[in-house]
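The values are calculated or read from the model by the stated rules, or taken from the named source; none is laboratory data. Computed from a prediction, not measured in an experiment: that's the story for all the values here. Here the Cβ is made from the backbone with ideal geometry for all residues, glycine too, and neighbour counts use every protein chain on show.
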Amino acid sequence: MTPIQETIINKKTTNKPIWLMRQAGRYLPEFREIRKVNPNFINLCLNENLSSEITLQPLKRFELDAAIIFSDILMVPYGLNQEVEFKKNFGPELGSINLEKISNINEKDFLNKLYPIYKSIKKVKENKLTKNKDVIGFVGAPWTLLVYMINKHSPKKELIRDFFKDKFLINKILIILEKFIKVHIEHQIKNGATVIQIFDSWAGLLDEKDLPNYVYTPTLNLVNYVESLSVPVICFPRGIKNYKKFCEFVKPDVISIDYDIDPIFISKEIQIPVQGGLNPKILLADKESLKKEVLKYLDIFKDHPYIFNLGHGVMPETNPMQVDYLVKLVKDY
């Protein structure tokens with residue numbers, strides 16, 4: 001059993017495993033070399049040789065306990081024939097929604113568009129670097145993908161003004177998304193993903209009263225589906241205030257917390273394994289500050305099943321030496 005599975009399944013509290021969100025990517029010079037000659041991000045995600053190489057880059061440098069596949073949550077809207085483009089210094093930009101077009105897409109066409117992602121996972125799983133490590137597949141939660149599909153770009157702090165005006169469109173898209181997210185999950189697992197993480201990056205945009213409809217219920221359906229395939233599932237509902245309520249309703253195997261939440265409160269209130277919490281900005285600070293924050297989280301979760309991670313992804317300006325120092329601190333704890 002891998003260190004992460006030990007923590008999730010056996011609720012082991014010693015030797016905290018570690019992996020990092022966005023561990024494969026933009027802070028590594030070897031990734032930037034590849035990116036320089038591959039400016040189209042979608043094409044890079046669909047290049048099975050390069051995406052598997054990028055996935056393995058951090059495992060060559062650091063003693064991490066998992067590989068997370070180099071891909072993006074927006075590959076699902078792309079698979080549904082919505083235009084998706086990543087613009088430098090802006091982020092993702094999506095085309096208009098053609099409901100008829102996305103309603104008529106069949107599973108075969110969707111899988112054909114995303115097929116290289118599954119081949120990439122297979123390559124990573126078969127690589128000796130992932131022996132006794134997990135391969136993490138992931139999806140965006142229905143709410144977060146809906147936000148991107150209707151908003152057409154990252155909402156940052158708010159949704160477009162008339163976001164909720166077309167309830168028929170919203171409900172139809174949510175039904176389509178649930179179906180194809182499940183297809184995407186199934187094929188990641190079939191090709192070697194041993195854990196699935198569900199990213200709900202924009203859950204924090206909703207009022208408390210709207211969470212059951214847009215976050216709890218759609219995510220619960222996915223969690224039940226992943227568990228039916230005998231694979232553990234991690235949920236990251238970023239920005240929500242009531243993690244306890246989320247866990248009681250959705251029942252994931254692991255809850256991933258962001259850096260705005262009090263870890264002491266979480267350690268007392270949440271019974272299931274916990275992941276993450278460290279502010280990625282602390283990796284930009286000096287070693288002493290980093291050590292202090294890392295030890296804080298390790299001490300708080302000393303007697304709790306805990307997977308060390310960040311409260312969001314590694315920032316592009318992070319020095320890889322700081323990541324190396326962080327991993328060694330966790331391993332030596």
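Summary table
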quantity: Residue in the stretch 9-19 that is part of a helix (DSSP H, G or I) and surrounded by 16 or more Cβ atoms within 10 Å (Cβ to Cβ) present; calculated: no
quantity: Test result for P263, modelled with pLDDT of 95 or more and under 25 Å from I189 (Cβ atoms); calculated: no
quantity: Condition met for K165 (more than 23 Å from I240 (Cβ to Cβ) and within 20 Å of the chain's Cα centre (by Cα)); calculated: no
quantity: Close pairs (6 angstrom Cβ cut-off, 6 or more residues apart or separate chains): closer than 26 Å to E6 by Cα in the stretch 134-151, among the polar types (S, T, N, Q) anywhere; calculated: D134/T2; D134/T194; V135/T194; I136/Q197; G137/Q188; F138/Q197; A141/T219
quantity: Any hit, the stretch 194-217, residues being of a type in the set (D, E, K, R), at pLDDT 95 or above and in contact with a helix residue (DSSP H, G or I) (Cβ under 8 Å, 6 or more places away or on another chain); calculated: yes
quantity: Members of the stretch 72-82 found to be within 18 Å of T144 (Cβ to Cβ) and not β-branched (V, I, T), listed by number; calculated: D72, L74, M75, P77, Y78, G79, L80, Q82
quantity: In the stretch 195-249, residue surrounded by the most Cβ atoms within 10 Å (Cβ to Cβ) [restricted to those that are aromatic (F, W, Y) and farther than 22 Å from F180 by Cβ]; calculated: F246
quantity: Pair list, Cβ < 6 Å and 6+ apart or interchain, from the stretch 218-246 residues that are under 18 Å from I270 (Cα atoms) to residues that are of a type in the set (D, E) and assigned to a loop (DSSP other than H, G, I, E, B); calculated: P232/D253; V233/D253; P237/D200; R238/D258
quantity: Residue selected from the stretch 20-57 under the condition among the basic types (K, R) and in a loop (DSSP other than H, G, I, E, B), by the criterion nearest to K123 (Cα to Cα); calculated: R22
